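The values are calculated or read from the model by the stated rules, or taken from the named source; none is laboratory data. Here the structure is a predicted model, which is why all the values come from computation and not from measurement. Here Cβ is always computed from backbone atoms with ideal geometry, including for glycine, and neighbour counts include all displayed protein chains. Calculation scope for accessible area: heavy atoms of the full protein, side chains included, ligands and nucleic acids excluded. Shrake-Rupley method; radii C 1.70, N 1.55, O 1.52, S 1.80 Å.
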Amino acid sequence: MELRAVRGMNDILPEEVERWHKLEGAFRLHAELHGYAEVRTPLIEPTELFQHQMGETTDVVEKEMYSFERHGDRLTVRPEGTAGAARAYVEHAVHAKEPVTRWYYLGPMFRGERPAKGRYRQFYQAGCELFGDPGPLCDAETIDLVATFLQRIGIGDFVVHVNSLGSAGTRERYREALLAHFAPRKGELSEDSQRRLEKNPLRILDSKDPRDHAVSRDAPSILDLLDDADQAHWQGVLRCLDVLGVSYVIDRSLVRGLDYYTRTLFEVKVTSSDLGAQSTLVGGGRYDNMVAGLGGPSVPAIGFAMGMERLLTMMPDVPARRGPGCFLAPLGQSGADRALLLAKQLRALGVSVELDGRGGRLKSMLRRADALGARLCVILGDSEVERGVIQIKDLVAHLQEEIPLEGAARVLADRALEASPGGQRGAR
Ligand code: ATP
Ligand code: MG
């Protein structure tokens, strides 16, 4: 019997992992720049959590969850990160410790759907959740964080879609309007949508079945039903997006697959790619009622999740790996001793260093530095040590200069790091 990986679950071999590290590193850096700290929650949660938060009639809960029973508990391998993060937020009473909380996460999610390019049964998401701030400014900053992240990793060809779902009252009025629209044409809908018509007609707008698309095309838009507070929030989001210079399209058909959203919704799609139906890179929105729904206080929240495999498909190739930031070429005993120490100081500052310990001639050491693709080469001979200086050769700019040995590590680190787009700090 030949054993293979489970369908839709992929091995990621070391040669591919380098690109993953690059993407993960860039995300961590970007999220932390915006004040987010990492949270790690279990891969397995009570099934109820997803049923209640994502909604009983959603595709994920109805068809895609890996659920099982063990020791009398009904458990599910997480299909997404938001519900678990909100559960942890409530469980640890984080709201009592800080008014605004920013968390990010990275990790695998599990959904039993039909595998295709960019659609897997184990896939990875990176996401952010912001708890405690109801204002439209946050919505716009969150969307801007996503857009600038995509640009940072070299994806330029995307469109931000935004819509508002309003709050509970608006949703109820919208449900009725949709029911009035769909009920007379029930026979034209897919079986799934016919079944969901009474319970949750919003789902029909998010269906992937072409039969539903035809009937949805002229459905009423929720934007026409927003109440004054929803409308003010919505206009605030658009204004802040304009201030930030984020381009977007208002997409009245955007509803997204989960029940927990309120007010702002957004998705980022790519236009030109071979991802086909998997062209959505990022999905997010506000979920102002989830924390209270989990037994916590009334704390608003907004977040998003990005599909890492889809990002990797779109992310341009990492430039060929560069050599060390600094190559140290010592000459003589005291030069070698100082070089040893300098190498250690440079590594502590985050610079990759190769120290030539062969004790050969300068010419052969310089040849080696070139062959490695080093950015800087430092020459440290006994005479330099005596005068308290080092020689720096910039192998890219082809310049040579002498600087004091005292404080040299800092100067070298600044140059080596600033000059390495391949990034020894993991990001571009
Ligand atoms: P789709 O409409 O493509 O099914 P979704 O609305 O179910 O996406 P979300 O739950 O919003 O997706 O998840 C956010 C992001 O995670 C998606 O935009 C996508 O990039 C990624 N993603 C979702 N499901 C999968 C999957 N099965 N395989 C790979 N990536 C996925
Ligand atoms: Mg889906």
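Annotations for the structure displayed:
- Sparse-neighbour loop sites [GluC sites (Glu not before Pro); the range 1-68; at most 14 other C-beta within 10 Å; DSSP]: GLU2, GLU56
- For the chain, the longest principal axis of the C-alpha atoms and the axis of helix 82-91 are separated by about 90°.
- Fraction in percent of alpha-carbon pairs per bin - 20 Å, the chain: 22, 45, 23, 9, 1
- For the range 335-398, size of Cβ-based charge dipole, Lys and Arg +1, Asp and Glu -1, in debye: 180 debye
- The residues of the range 162-302 expose on average 44 square angstrom of accessible surface per residue, using a 1.4 Å probe on protein heavy atoms.
- Here's the list of lysines a cross-link from LYS22 could span, going by alpha-carbon distance under 27 Å and ignoring same-chain residues fewer than 8 apart: LYS117, LYS269, LYS344.
- Accessible surface of the range 218-347, 1.4 Å probe: 50 percent of it comes from carbon and sulfur atoms.
- Taking the charge dipole of the range 270-420 about its Cα centre, with +1 at Lys and Arg Cβ atoms and -1 at Asp and Glu Cβ atoms, the residue from LEU362, ALA413, LEU395 reaching farthest to the positive side is LEU362.
- Principal-axis analysis of the Cα atoms of the chain puts helix 333-348 at an angle of about 10° to the longest axis.
- Helix 228-244 and the long axis of the chain differ in direction by around 20°, with both axes built from C-alpha atoms.
- Per residue, the average separation of C-alpha pairs within less than 8 Å and at least 6 apart gives the chain a relative contact order of 16 percent.
- Counting charges near TYR174 (Lys, Arg +1; Asp, Glu -1) among other residues having Cβ under 12 Å from its Cβ returns a value of -1.
- For MET9, the residues whose amide H sits under 5 Å from its own are ARG121, GLN122, ignoring neighbours fewer than 5 places away on the same chain, with H placed 1.01 Å from N.
- About the Cα centre, charge dipole magnitude for the range 229-357 (Lys/Arg +1, Asp/Glu -1 at Cβ), debye: 200 debye
- About its Cα centre, the dipole of the chain is roughly 1020 debye, where the only charges are +1 on Lys and Arg Cβ and -1 on Asp and Glu Cβ.
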